Amino acid sequence: MGYHDHLTRERLEDLERSIGYNFRSRRLLVQALTHSSARDREHECNERLEFLGDSVLGLIIAEFLYHHFPDYEEGELSTIKSYVVSAQSLANKAKEVGLEPLIVLGKGLHARRPVPRSILCNVFEALVAAIFLDGSLQDAKAFILRSLEKTIEQVLKNEHEKNYKSMLQDYAQKQWTVIPVYQVTRELGPDHGKFFQVTAEMRGTLYGPAWGRSKKEAEQRAARAALIALGLLKEGPPAEPLPESGSAPAE
């Protein structure tokens with residue numbers, strides 16, 4: 001009995017329905033499912049596909065985050081991306097779409113169930129590449145965003161909840177149909193290490209002031225101060241040891 005015998009036409013068709021893509025070349029699909037331990041003369045393993053799929057996946061998620069978080073710096077985008085495409089996240093999605101029982105493992109690994117997380121992750125990336133090569137980048141993008149939709153939605157929810165400016169604006173618009181106005185009231189330090197003091201104003205009331213290493217950071221802190229003053233957020237220490245609201249940083 002060969003390692004690939006369980007990959008019947010019916011099971012591959014079921015998988016195609018699950019992932020929402022029909023392959024023109026089933027050989028690519030089988031290759032994506034084949035671990036290096038099961039490689040033989042007739043079947044290539046998925047290592048090269050995994051290499052390509054990692055890049056395709058990274059591109060699609062990076063583009064998505066770039067457009068959905070226009071105010072985020074490179075480091076913040078990288079942090080979110082690393083969560084979305086983490087080994088645990090991809091392994092979970094591999095299980096959800098039904099890849100685990102179809103993965104082709106060779107001697108020594110064949111009896112290992114559940115399949116190790118790293119192998120599940122690699123097969124998911126290989127599948128992305130197989131769809132890209134068999135179809136198009138758009139096909140791969142549709143599969144990626146559809147598969148990772150819940151993960152991405154959770155990230156968007158988490159980031160929105162951490163975004164004090166968004167929270168304050170939502171509240172102000174619903175409560176008073178106004179938008180908070182932020183104003184830089186003071187700047188300290190050299191150009192390469194400047195601190196900014198910002199206030200948030202709504203309906204004639206000033207909140208803050210708050211300091212930050214950038215205008216964006218100071219605005220977030222001023223919004224946080226407003227949320228605390230309005231009783232919408234529990235008071236607590238800043239996320240980073242920056243100057244406290246209302247006090248000047250050391251010059």
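Considering only residues that are within 16 Å of residue 94 (Cβ to Cβ) and in contact with a Cys (Cβ under 6 Å, 6 or more places away or on another chain), which ones fall in the stretch 1-53? Hit for the stretch 1-53 is 34, nothing else. If you check 169, 220, 197, 183 for being surrounded by 13 or more Cβ atoms within 10 Å (Cβ to Cβ), farther than 28 Å from residue 85 by Cβ, touching a Phe, Trp or Tyr at 6+ places or on another chain (Cβ under 7 Å) and polar (S, T, N, Q), only one passes: 197. The residue that is farthest from the chain's Cα centre (by Cα), counting only those in the stretch 40-83 that are of a type in the set (Phe, Trp, Tyr) and within 17 Å of residue 160 (Cα to Cα), is 72.
When 75, 58 are checked against the criterion of being at pLDDT below 95 and either part of a helix (DSSP H, G or I) or among the aliphatic types (A, V, I, L, M) (or both), 75 stands alone in meeting it.
Keeping to the stretch 88-113, report how many residues are loosely packed, with under 14 Cβ neighbours inside 10 Å and modelled with pLDDT of 85 or more. Result for the stretch 88-113: 3. Among residues belonging to the stretch 36-80 that are in contact (Cβ under 8 Å) with a residue 24 or more places away in the chain and touching a strand residue (DSSP E or B) at 6+ places or on another chain (Cβ under 7 Å), point out the one that is surrounded by the fewest Cβ atoms within 10 Å (Cβ to Cβ). Looking at the filtered set, the residue picked out is 43.
The values are calculated or read from the model by the stated rules, or taken from the named source; none is laboratory data. From a predicted model like this one, the values you see are computed outputs, not experimental measurements. Note that we place each Cβ from the backbone using ideal geometry, even for glycine, and neighbour counts take in every protein chain shown.
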